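Asker: For reference, the structure I am asking about is given below.
The values are calculated or read from the model by the stated rules, or taken from the named source; none is laboratory data. Predicted model only: the values in this text are computed from it and were never measured. Using ideal geometry, Cβ is built from the backbone for each residue, glycine included, and neighbour counts are taken over all protein chains shown. When the accessible area is computed, the model is the full protein with side chains, heavy atoms only, and any ligands, DNA or RNA have been set aside. Shrake-Rupley method; radii C 1.70, N 1.55, O 1.52, S 1.80 Å.
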Amino acid sequence: MAKEIDRVRARSAWATVRESPVITTIAVAPIVVVFGLVWWLIGGWAAFLLLVVLGAGAVFGGKLLR
């Protein structure tokens with residue numbers, strides 16, 4: 001049952017991206033700005049490491065909250 005809910009959410013998210021890319025751009029803009037600032041201030045490896053750490057935190061944090 002849980003996999004069906006995840007599929008429904010994934011399809012809904014993909015439909016939103018296809019229908020309104022502006023909403024997606026607004027949602028992703030803060031992440032891109034922070035990534036660009038870290039890249040500019042510290043360097044590419046630090047920005048990549050930050051991206052990996054935040055991504056892992058989002059994945060594992062989301063699993064822990066369920």
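Asker: Starting from the 7 Å offset along Cα-to-Cβ, what nm value, one decimal, do you get for the label separation of R7 and V32?
Answerer: 3.2
Asker: Using a 1.4 angstrom probe on the protein heavy atoms only, line up T25, T16 by accessible area, largest first.
Answerer: From most exposed to least exposed: T25, T16.
Asker: Further, regarding this structure: Taking θ as phi - 60°, what are the ³J(HN,Hα) couplings along the range 35-46 by the Karplus curve (6.51, -1.76, 1.60), each to the nearest whole Hz, with x for Gly and Pro?
Answerer: 4, x, 5, 5, 4, 5, 7, 10, x, x, 5, 5
Asker: May I pose another question? Leaving out ligands, DNA and RNA but keeping every protein chain, what accessible area does F35 have, in Å² rounded to the nearest 10, with a 1.4 Å probe?
Answerer: 60
Asker: I would also like to ask the following. For the range 14-66, give the percent of accessible area contributed by carbon and sulfur heavy atoms, probe 1.4 Å, rounded to a whole number.
Answerer: That fraction is 80 percent.
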